[in-house]
Amino acid sequence: MERQHQDSTPQDLSEALKEATKEVHVQAENAEFMRNFQKGQVTPEGFKLVMASLYHIYTALEEEIERNKASPVFAPLYFPEELHRKAALEQDMAFWYGPHWQETIPYTPATQHYVKQLHKVGVTEPELLVAHAYTRYLGDLSGGQVLKKIAQKALDLPSSGEGLAFFTFPNIESATKFKQLYRARMNTLEMTPKIRQRVIEEAKTAFLLNIELFEELQGLLTQDSKDQSPSQVPGLHRRASSRVQDSTVAEGPKGNAQLSRLSQTPFLRWVLTFSFLVATVAVGLYAI
């Protein structure tokens, strides 16, 4: 019985993560919103909100990666020149929000929740950064070029790529070969069965955080349709100075409670919001 159980479990960590997220993959792939997005149904308001959230998320993720870059639990996956997105997102923020973007970009509660989880992981369980880096960076590499072309056309953006620096990886010659290298490095990480399972569960948490984020942004866009721009929604903007307090390590019970409430969201709403995540951030995420 034990041998059968072992054979049924993917041995490679990258395969185990892919297997663990297969169900949500299918749900998102069949969601109507994702199909609509691929037809070019993208709004500037929604795209700006998404990009602002990504700026906060990658700032936190890369801060924790830098904190743990020498640790054996993450060092093999340290590719700052090839992967890090903060500098590219800073360019995009200036394009979408203007020269004073640091004082005006939105920082929503769900984005803050995501950021706090990243800081918590980086400080207390750095081995779990593997799950967040995997779901974010390999997703970006898988769907970035597809999304870039769709957004460029739908939003009538310059052919030179302004506003879409996030999706361009100038130091990666072949996305396919780099993803193979990254997976191979992941599979060399030494971890106990307990830690391996924690990493797999954290990958699921990463998806839940994204669902929570985009469910919130959908609500803001719905409110915006009532003749109110996202910049006017109460509580949406946070000045740069206020972000220091918000990016502290989150307390476990609070974060778990929020994720627990999310898990009780009706199934159909999950599918629709998850499709928004996939379509807006990484059309090809589930090809990883």
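For a Förster distance of 35 Å, can you work out the FRET efficiency between the beta-carbons of K22 and D156, rounded to the nearest 0.05?
That gives a FRET efficiency of 0.45.
Taking θ as phi - 60°, what are the ³J(HN,Hα) couplings along segment 56-62 by the Karplus curve (6.51, -1.76, 1.60), each to the nearest whole Hz, with x for Gly and Pro?
Running phi through 6.51 cos²θ - 1.76 cosθ + 1.60 with θ = phi - 60° gives 5, 5, 6, 4, 5, 4, 6 Hz.
Please give the length that would be gained between V123 and T188 if that part of the chain were fully extended, namely 0.36 nm times their separation in residues minus their C-alpha to C-alpha distance (nm, one decimal).
Between V123 and T188, full extension yields 21.1 nm more.
What does the extension gain come out to for T222 and T168, with contour length at 0.36 nm per residue minus their alpha carbon separation?
Using 0.36 nm per residue and subtracting the Cα-Cα distance, I get 16.5 nm.
Filter the GluC sites (Glu not before Pro) in segment 182-221 down to the DSSP loop ones having no more than 10 other Cβ atoms within 10 Å, then list what survives.
E190
Take the Cβ-Cβ distance between H100 and E45 as r, set R0 to 25 Å, and report the resulting FRET efficiency rounded to the nearest 0.05.
0.85
I need the semi-axes of the equivalent ellipsoid of segment 73-127: take the C-alpha gyration tensor, multiply each eigenvalue by 5, square-root it, list largest first in whole angstrom.
Each semi-axis is √(5λ); the values are 26, 18, 6 Å.
Each reported figure results from applying straightforward, stated rules to the coordinates on display, with no laboratory input. Worth saying up front: this structure is predicted, and the values here are computed from it rather than measured. Neighbour counts are summed over all protein chains in view; Cβ atoms, including those assigned to glycine, are modelled from backbone coordinates with ideal geometry.
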